[in-house]
Number of protein chains: 2
Amino acid sequence: MRIGVDAMGGDYAPLHVVLGAIQVVDQLSPGSEITLFGNERKIKEICRSQQFNPDRFGIVSTSQVIEMGEHPVKAFQQKQDSSIVVGFHALQKGKIDSFASAGSTGAMLMGAQSILKTIKGVSRPCISTEFPVQTGGSALLLDVGLNADSRPDNLLEFGILGSTYAQNIMGISQPRVALLNMGEEPEKGSLFSREAFKLMEGNPYFHFVGNIEATHLFTGTIADVIVTDGFSGNIVIKQAEAMFQLFKDFGFCNPFFDRFDYEVYGGAPVLGIAAPVVIGHGASSPRAIAHMILKSEATYKAGLVQKIQEAISNE
Amino acid sequence: MRIGVDAMGGDYAPLHVVLGAIQVVDQLSPGSEITLFGNERKIKEICRSQQFNPDRFGIVSTSQVIEMGEHPVKAFQQKQDSSIVVGFHALQKGKIDSFASAGSTGAMLMGAQSILKTIKGVSRPCISTEFPVQTGGSALLLDVGLNADSRPDNLLEFGILGSTYAQNIMGISQPRVALLNMGEEPEKGSLFSREAFKLMEGNPYFHFVGNIEATHLFTGTIADVIVTDGFSGNIVIKQAEAMFQLFKDFGFCNPFFDRFDYEVYGGAPVLGIAAPVVIGHGASSPRAIAHMILKSEATYKAGLVQKIQEAISNE
C-alpha cells in the first residue's frame, strides 16, 4: 500500500514529519511505502542530514502550505498546490491508499468532505480517540471535536462508527457502547442527551449499555466505546491531556499513564469518509508522526472504510 | 449564626453526618451553632456512642427521609416532614441562617427554588466547584450540573455569580473569568458557545479573558473562574474525580493532588438563591461533612448572598 503523508503539516514540519517517516519506514509491512507531499528540496535535505536515501520515499512536490492560523475553508480553496489539497486529490484518484497530516484540522476536514465525500448513509463524519482503561486495553471516545454542533441522530451514527472501529481496529468482538451523560439513569441529562439515549436504546446496530458518567471513563468496567457530541468530547480529551501533563510535571511514572501520551496513539482516523484519513496532533514529535503513519497503515489494512460501509448499509 | 444540617442526607446518613458535626463543632467561630434536622433518637444515639453531649446541637425532629433514588420533585411535594423540606422552611423563616445537605441534589434544588426563591435578577441558580491550580490557590468552575440545559445568557449570569464568589469566598480581588470552549479563538466552538462568548465579551460586570481550553484547566495561567453549561461542567468535575481516583489507585502522593479530594472542599454552594445553601457529596465521609459545615459558615459570614444581590442589581 502507499501511505500518503503531508510533510508540511504540524508545528515542526517538515523536520519532524520527515524524521518520523525515516524512523518508521523499516517497521512497515512488506509492500507498504510512504509518499511524502511537500517541499521536495527540504525533504531531501532532511533525509541527507540523516544519511538516509530519499529515494526510499515517494515524493510529490508541492509549492504551498496551509498554515495552522489560516481560515481552513478559504486556504483550502485558494491554495490548490498545497500539500493537503494535492494529497487529497491523490487519495481520491487512487494514487495513494491513505492520507495523514498533523497540519490544519479544519483543512483536513475540508479535504475529507469536499474531495473524498462521506460514506453513503453517513450524515456527519467524526474523529475518535483511544485511551487506556484500568481493566486493560483501551476505550474509544467519539466525536472528539469534528462536530461542534451535533444532532441526537448523529450520535446514533457515531455509535455505529465507533462500534465498527472497535471491532476492526481494537479487536473487541462485541463492543459495549455507552452514551456520556450526567447520570446513569435513562431520564438523566439534557434534552439533547435524553433524545440521543432514546435513539440508541434498543437499536439493532450495536450493543448499547446505557449512560456512562465521566467518573467511569478510565475504569473500563462499563463501556468500550463512549459516544458524545464533538463539543463535550473535545473537552474530555483536552482535560485528559491536562491530566497527563500533571503526571509529567509531578514526575509520576507508570506504564498505564504513559499510554495517555498522544504520541503513542498516532492520531485520530476520520470515521465515515470514503478513504482512510488520519489527523495527527499539531505538536507532533517524530515519534508521534511514526505512530500516525502506523495508524494509517493499520486503518487501511483492517479495511475500516469497507467495514463501515457494510455496517451502515445494513441500517 | 445557626448552621442547619440535614442529618438524614447522604449515603451514610445519619451516622456520617452526626460524626462530622461532632468533629467540626469545636472548630466553628464563637457564636456559631449547629442545628441538625432528622431522626432525633438516632442522632442522640450516635452522639452518646461518641461520649458527646447531644445538647450541644440544636435538633429539629423530622419523621421522613427523601431517598437518593426517589423522584426529587414528587418526593419533595409528598414528604412534607422530611429533613430537607423542614430544613428549607426553617431557613426561609430565619430560624437557621444556612442549610446544608449531602442528600438528594434534586430535592435540594427543589427547596432552593420553590421555598427560598432566586435572587431578583437571577434567572437560573447554579452550583460551583473549586479545584486546585498549579500556580497556587484554586480556580472555580460553574455551573457543574444544576442546569442540564442552559441558554447563552445564563452563562453571562454564571460569570457574575462566579466572579462575586471568587472575590468574596476565595479572596481574589479581580477574578479572571473565562468561557470553557473547544479553542482559544473567539470564533471557535459551538453555536451556543460562540453566542455566550459574544454576550460575555466586553461585559461591564466582570473581567472576561476569553475562551479557555480544558488543557489549561489546572494550570491557573488563564482564568480564576471558568464558566460553562451544567452538562459540560458536570462531565468536567466527574472526570476530575476519575483522575483523583487514578492517583489513589496508583498510590501517587502529592499535596497538590490531595486538594482534588472533594472531602476538603466540603460541597458546592448554590449560587443565585436568597439564602446560603450548600450541597455536599452523596458519599460524604464525616470529614467531608465537617468541611461542608465549615463551607456553610464561611458562605454566610462572607455575606455572599448580599454581595450577589448587589452585583446583580448593578446589572
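The values are calculated or read from the model by the stated rules, or taken from the named source; none is laboratory data. None of these values were measured; they are calculated from a predicted model. Here the Cβ positions follow ideal geometry from the backbone for every residue, glycine too, while neighbour counts run over all protein chains shown.
Here are some notes:
- Residue within the stretch A:102-112 that is more than 19 Å from A:Gly38 (Cβ to Cβ), of a type in the set (A, V, I, L, M, F, W, C) and out of contact with any strand residue (DSSP E or B) (no Cβ under 6 Å at 6 or more places or on another chain) present: yes
- The set of residues from the stretch B:128-165 being part of a strand (DSSP E or B) and out of contact with any helix residue (DSSP H, G or I) (no Cβ under 8 Å at 6 or more places or on another chain) comprises B:Ser138, B:Ala139.
- All conditions but one from (1) among the charged types (D, E, K, R); (2) surrounded by 16 or more Cβ atoms within 10 Å (Cβ to Cβ); (3) in contact (Cβ under 8 Å) with a residue 40 or more places away in the chain apply to B:Glu70; the one that does not is (3).
- For the stretch B:261-278, residues that are in contact (Cβ under 8 Å) with a residue 24 or more places away in the chain, under 18 Å from B:Ala240 (Cβ atoms) and surrounded by fewer than 24 Cβ atoms within 10 Å (Cβ to Cβ) total 4.
- For A:Glu241: the one exception among (1) at the interface with chain B (Cβ under 9 Å from one of its Cβ atoms); (2) under 23 Å from A:Asn203 (Cβ atoms): (2)
- Spans of helices (runs of 4 or more DSSP H) in the stretch B:1-115 with at least 3 residues at pLDDT 95 or above: B:15-24, B:40-49, B:83-92
- The stretch A:95-148, residues that are of a type outside the set (A, V, I, L, M) and within 19 Å of A:Ala223 (Cβ to Cβ): A:Cys126, A:Ser128, A:Thr129, A:Glu130, A:Phe131, A:Pro132, A:Gln134, A:Thr135, A:Gly136, A:Gly137, A:Ser138, A:Asp143
- Output for the stretch A:179-199, where each listed residue is surrounded by fewer than 24 Cβ atoms within 10 Å (Cβ to Cβ) and among the aliphatic types (A, V, I, L, M): A:Met182, A:Leu191, A:Leu199
- Any chance B:Asn154 is within 21 Å of B:Thr105 (Cα to Cα), in contact (Cβ under 8 Å) with a residue 12 or more places away in the chain and more than 11 Å from every other protein chain (Cβ to nearest Cβ): yes
- Single residue of the stretch B:213-223 satisfying the filter (within 20 Å of the chain's Cα centre (by Cα) and either within 8 Å of chain A (Cβ to nearest Cβ) or surrounded by fewer than 24 Cβ atoms within 10 Å (Cβ to Cβ) (or both)) that is farthest from B:Met200 (Cα to Cα): B:Phe218
- Among the residues of the stretch A:169-181, some residue qualifies, meaning at least one is within 18 Å of B:Ala240 (Cβ to Cβ) and more than 19 Å from the chain's Cα centre (by Cα).
- Subset tally (residues that are at pLDDT below 90 and of a type in the set (A, V, I, L, M)) for the stretch A:260-312: 5
- One residue from B:Ser163, B:Ser190 being without any contact (Cβ under 8 Å) to a residue 24 or more places away in the chain and polar (S, T, N, Q): B:Ser190
- Being small (Gly, Ala, Ser) and modelled with pLDDT under 95 is a property that A:Gly202 has.
- Residues that are surrounded by fewer than 21 Cβ atoms within 10 Å (Cβ to Cβ) and not hydrophobic (A, V, I, L, M, F, W, C) within the stretch B:16-34 comprise B:Gln23, B:Asp26, B:Gln27, B:Ser29, B:Pro30, B:Gly31, B:Ser32, B:Glu33, listed in sequence order.
- Candidate set from the stretch A:162-193 (those that are more than 9 Å from chain B (Cβ to nearest Cβ) and in contact with a Ser or Thr (Cβ under 8 Å, 6 or more places away or on another chain)); member that is nearest to A:Ile222 (Cα to Cα): A:Val177
- Residue selected from the stretch A:194-207 under the condition more than 14 Å from chain B (Cβ to nearest Cβ) and over 23 Å from the mean Cα position of the chain (by Cα), by the criterion farthest from A:Tyr300 (Cα to Cα): A:Lys198
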